[in-house]
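We did not get these values from a lab; they are worked out from the coordinates using the rules stated. Keep in mind that what you see is a predicted model, and the values were worked out from it rather than measured. In this analysis, Cβ positions are derived from the backbone assuming ideal geometry, glycine residues included, and neighbour counts consider all displayed protein chains.
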Amino acid sequence: MSNSQTGLTPAMFNVLLALADGGKHGYAILKEVAEHTAGEVQLSTGTLYGIIKRLLEDGLIDEVTARPAIPNDDQRRRYYRLTAAGRALAVEEARRLERLVARARSKRLFAALKRA
Amino acid sequence: MPSRISFGDRIYRGLLRLLPADFRGEFGGEMEQVFHDQRRHTPRERGWAAFLHMWWTTIRDIVSMAPREHWSVLRQDTRYAMRMMRRSPGYTMAAILILGLGIGANIAVFSVVNSVLLQPLPYLEGNRLVLLRQRAVKLGEDDVPFSVAEIADYRSQNRTLADVAEYHSMTFTLLSVREAHRVRTGVVSAGFFDMFGVKPLLGRTFRPEDDHPGAPAVLMLSYEFWKTNEAGDPRIVGKTYQMNDRVHTVVGVLPPIPQYPSDNDVYMPVSACPFRSSARMIANRDGRMMRVFARLKPGATLEQCHADLSTMAGRLEAEYPKSYPKTAGYGISSAALRTELTAHARPMLLLLLGAAAFVLLIACANVANLILARMARRERELVIRTAVGAGAGRLLRQLLTESSILALGAAAAGLLFASGSLRLLADFAEQLTPRAREVHIDGWVLLFAVLCACATTMVFGSLSALVSRANPAEGLKSGGLQLAPAAHRNRIRGGLIAAQVAFSYVLLIGAGLMVRSLAQLQRVDAGFVPQRVLSVGFDLNWSRYNTSGKTRAVARRLLDSVQSQPEVSAAAISSSFPLDPDTHGMNAMDQSFRIEGSVTSEAETPPVANIRTATPGYFQTLGIPLVSGRLFRETDDENATSVAIVSRSLARHRWGVQDPIGRRISFDGEKWITIVGIVGDVKEFGLARQAPDQLYTPLAQTGMVGSILVRTAGDPAALTNQMRRAILAIDPQIAIITVKTLDEVRADSVAAPRNTAQLFGLFAALSLIIAVAGIGSMLALSVRQRVREIGIRMALGARPRNIVSAVIRVGLALTGIGLVAGIAGAVALARFLNSALFETAPTDPGTYAAVSAVLLAAALVASWLPARRAARIDPQTALRSE
């Protein structure tokens, strides 16, 4: 299920968000998404790499050529980071969500929720 | 990377194989690593539930994403392939056309095979229907009809048959308001159509009360008769006809079904047939004229049925020794109707399917060459794609997608070709099996078309793999697809050309042998002179001419009327004539006889002869030579001594070196017949068959009629209308069945082998054209590729003649290799044709020489055109190019 304006699914947006503060390898992305969504979004390896493939093809992320120096790092690991286009799209998606939340607030949705 | 990977990781690696190769190539290692980490970090304290959950989500994830990824690759490849094909429309059209012809030939033949051999009979539980057969082994007869008494016995005493129905066919004269029709009439017992599960299109089928003696006469019309003669009248039920001096009422119309053993115009119940219902017939156990069909009881097998029937036959033999003499060797058997219906068609159709498969092989080899040539032209593109990271597998997959699109296009074209030629094939099959009318294109045929497309794609796929992996070391080093070097590729292309020639040679040999066999057949001396003879098959109205005296009288008047025509130089009336299609394979006139003075023991088989009744002019009209003695005279009538004439074969077989003239024979042991002459042998039942032992009796002493034969000075066909008028002037109720010249009759007798030869010839011609076009296009391409080299050679003094011969040498060398392989293949395969050949050895040297010459000549022409182009290359221009 993708968002019609940005073409991002929640899972894709989560991957972009995970990369917002720097390059990460696949497992790190997986872990971060699971932790930050409190297990709400559970990516498995297949889905994750399906997303990575699309994000790479769309030029939203790219591979980090200079690998961070980590002792005993497995050479099969690849590190990914946001491209400028990826960052811009993530920002746009975040703003869209922000506007959505603001609307919900203006309709006093949360207050209604608290009263109930 | 850990040196030993764990069991779990290994399973995961296996799972990854579900994903497209290039996806795996790009992310596989990484995914394994991530999965490994994930597994390691799944907290142990959460126990089995967490462990199982992780595996479950992982497997579900991969299984659900794999089709998505494959689909995305396929879409990408298809888009790309379509773009490439649009860019070279000539290549695409040629490939689809050639493959389409190959696949079309297969679809067309398969649709016949499918409808005739594979589909169940269009009757209710058709696989349980059987045909019963009496045999008289010692008389050499394997299809003796049944008598009324025998049918009653087998019906009431068997333990394995649910239903038993009888059938025989006669021709009657059907009088409607307008004219007399001779109708082929199936006479069947009441349960016949119910046993076959045939539901009437209109009205009803026969009921048990229709079979009762004296029941009102009723008729069912066949679908074809109803359509043709009654214009498909929807209110036909209740209509009456006059037949055999009785009023017959139509009670129903049959649906279009295959009729076996023969097509009939109308059907009547046994009570309506004046012969079958006569008291004499019912009482006579030896009056055998019916065929018997039956339905196996549920669970009963053919073997059980056979054992059951044999027991009964043994009982009958003990009970009625006179009806089943030891000398005849009576027995009974049963055969599945389905096998019976297609027995003649099966070998021929399988041969044709084989021939069509060869056409497809040739088409494949040809298109493979086109693909190779194109791959050579696309070398640069493939190298670039390799350079930007496409793996060998990826490119192979791309090429495979292209070929499967081509093959599917070709299958669609093939379906068009096939549906266009289906009528032609069905007409051919019509001569072999009554199931031919069921031929149509259905889901199975469509599936077959798709399978053909898949098979061709596989051929191309393995070929692409062969070319691209020709140099694996290089392939591995560059990590991408490596085309084989030009020399290697040319070898493969040459091999494909040789293969086309070889396959084409085998087909040409098949066609050549059939044509030769046909020529042999047509050269056969049938023992009579068919030129300028017209035959008229006719039937008298049985009820009007019910004594042999009346028949003889009308025959006399007919003959006088015909002979009085000025164009007629000789004429005769006879019971039948040589190669008459109405008596083909029918041994009803075979009769056993006794020779006076000879003592035949119980165990010995009595002599048998085919009986022909004729007026004195018969031998002169047909040009059958008198060997010794005399022919019939006008004085050989019912008041004179009974006489007969024997054929040379009969004389030799029964009297050896002795002279049979003056000897006497008898059919019944009471009336003795003197032999007065010996005439030449005549191939009565087919040019490929032995002349039967023939015995002629004068029409004036018997009274059997069936045909009028006239010899003319001019074109016999021109007499057709005159003959009709002369006959109908004697009696307008005489039904004229066929009017044909004996030349036509003779030609019709070889229609089946002729059509087979034509179909084979068509396939062979198609294959020759494809193969020759293959040689031409390959040489043309090689000339184009070698323009510069040819230019240099010419600049160095080579003459156009040398260039021409160099190019032709290549073409002929490849043809030569193909020829040698083709000869080997043909020698190995031609023996399958043996049963279809007449006096022609499958290794007939003349055919092999002729076919080789044709192929070489065709190859020469195909090589000549590119050779001439090569010789016209201007060295100046050639050297400046590139």
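Data overview
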| item | result |
| --- | --- |
| Inter-chain Cβ neighbour average for residues A:19-27, partner chain, 10 Å | 2 |
| Bridge type composition, region B:205-289 - antiparallel percent by DSSP, nearest 5 | 60 |
| Cα centroid of region B:381-422 to Cα centroid of region B:130-169, whole Å | 59 |
| Residue mean of other protein chain beta carbons inside 10 Å, B:31-40 | 6 |
| Cα→Cβ-extended label distance, 7 Å offset, between B:His488 and B:Ala279, nm | 9.5 |
| Counting DSSP beta bridges with both ends in region B:541-733, the antiparallel % (nearest 5) | 65 |
| Burial ranking of peptide ranges B:758-767, A:100-109, B:108-117 (average Cβ count within 10 Å, highest at the top) | B:108-117, B:758-767, A:100-109 |
| Length added when fully stretched, B:Arg10-B:Gln785, from 0.36 nm per residue minus Cα-Cα | 274.0 nm |
| Neighbour cut-off at most 14 other Cβ (10 Å), DSSP loop, trypsin sites (Lys or Arg not before Pro), region B:598-690 | B:Arg630, B:Arg633, B:Lys671, B:Arg689 |
| Cα-centre dipole for the protein assembly as shown with unit charges at Cβ (Lys and Arg positive, Asp and Glu negative), debye to 20 | 4560 |
| Members of B:Lys227/B:Lys683; B:Lys671/B:Lys740; B:Lys550/B:Lys740; A:Lys53/A:Lys107 lying beyond 30 Å, as alpha-carbon distances in this model show | B:Lys227/B:Lys683; B:Lys671/B:Lys740; A:Lys53/A:Lys107 |
| Dipole-positive endmost among B:Pro347, B:Leu781, B:Thr433 within chain B (Cβ charges, Cα centre) | B:Leu781 |
| Listed residue (B:Gly656, A:Leu17, B:Ala853) projecting farthest to the positive dipole end of the protein assembly as shown, Cβ model | A:Leu17 |
| Reach of B:Lys297 by Cα under 28 Å, taken over lysines that are not fewer than 8 positions away in the same chain | B:Lys199 |
| Shielding by partners - mean other protein chain Cβ count within 10 Å, residues of A:37-50 | 6 |
| Packing-based order for B:820-829, B:805-814, B:571-580, using average beta carbon neighbours within 10 Å, highest first | B:571-580, B:805-814, B:820-829 |
| Ranked list, fewest to most other Cβ atoms within 10 Å of each Cβ, for B:Met290, B:Met220, B:Met268 | B:Met290, B:Met268, B:Met220 |
| Dipole magnitude of region B:126-342, debye to nearest 20 (Cβ charges: Lys/Arg +1, Asp/Glu -1, about Cα centre) | 100 |
| Given charges at Cβ of Lys, Arg, Asp, Glu: chain B dipole, positive-most of B:Val459, B:Gly420, B:Leu254 | B:Val459 |
| Computed helical MRE - 222 nm, chain B, DSSP H runs ≥ 4 contributing -39500 (n - 2.57), nearest 500 | -17500 deg cm²/dmol |
| Gained length - B:Arg868 relative to B:Tyr80, 0.36 nm times residue gap less alpha-carbon distance | 279.9 nm |
| Chain B: relative contact order in percent, alpha carbon pairs under 8 Å with at least 6 residues between | 15 |
| Helix-only mean residue ellipticity at 222 nm for chain A, each DSSP H run of n ≥ 4 adding -39500 (n - 2.57), per residue, nearest 500 | -17000 deg cm²/dmol |
| Electrostatic dipole magnitude of region B:541-733 [Cβ: Lys, Arg +1; Asp, Glu -1; Cα centre; debye, to 20] | 280 |
| Region B:625-705: antiparallel DSSP beta bridges as a percent of all, rounded to 5 | 60 |
| Alpha-carbon centroids, region B:26-78 and region A:31-70: separation in whole Å | 13 |
| Estimated FRET transfer efficiency (B:Ala455, B:Ala343; beta-carbon r; R0 35 Å; 0.05) | 0.75 |
| Chain A: most fluctuating residue of A:Asp21, A:Asp74, A:Asp62 per GNM, C-alpha cutoff 10 Å | A:Asp74 |
| Least to most buried among B:Tyr320, B:Tyr505, B:Tyr618, B:Tyr223 (fewest other Cβ within 10 Å first) | B:Tyr320, B:Tyr223, B:Tyr618, B:Tyr505 |
| Efficiency of FRET from Cβ geometry, B:Glu670 and B:Lys239, R₀ 60 Å, rounded to 0.05 | 0.80 |
| In region B:46-145, the GluC sites (Glu not before Pro) that fall in loop regions by DSSP, at most 15 other Cβ within 10 Å | B:Glu125 |
| Euclidean distance of C-alpha centroids, region B:102-125 and region B:492-521, integer Å | 26 |
| Anisotropy class of region B:541-733 from Cα gyration tensor, a/c 1.5 cut | prolate |
| B:Asn546-B:Asp659 FRET efficiency (beta carbon distance; Förster radius 45 Å; 0.05 resolution) | 0.65 |
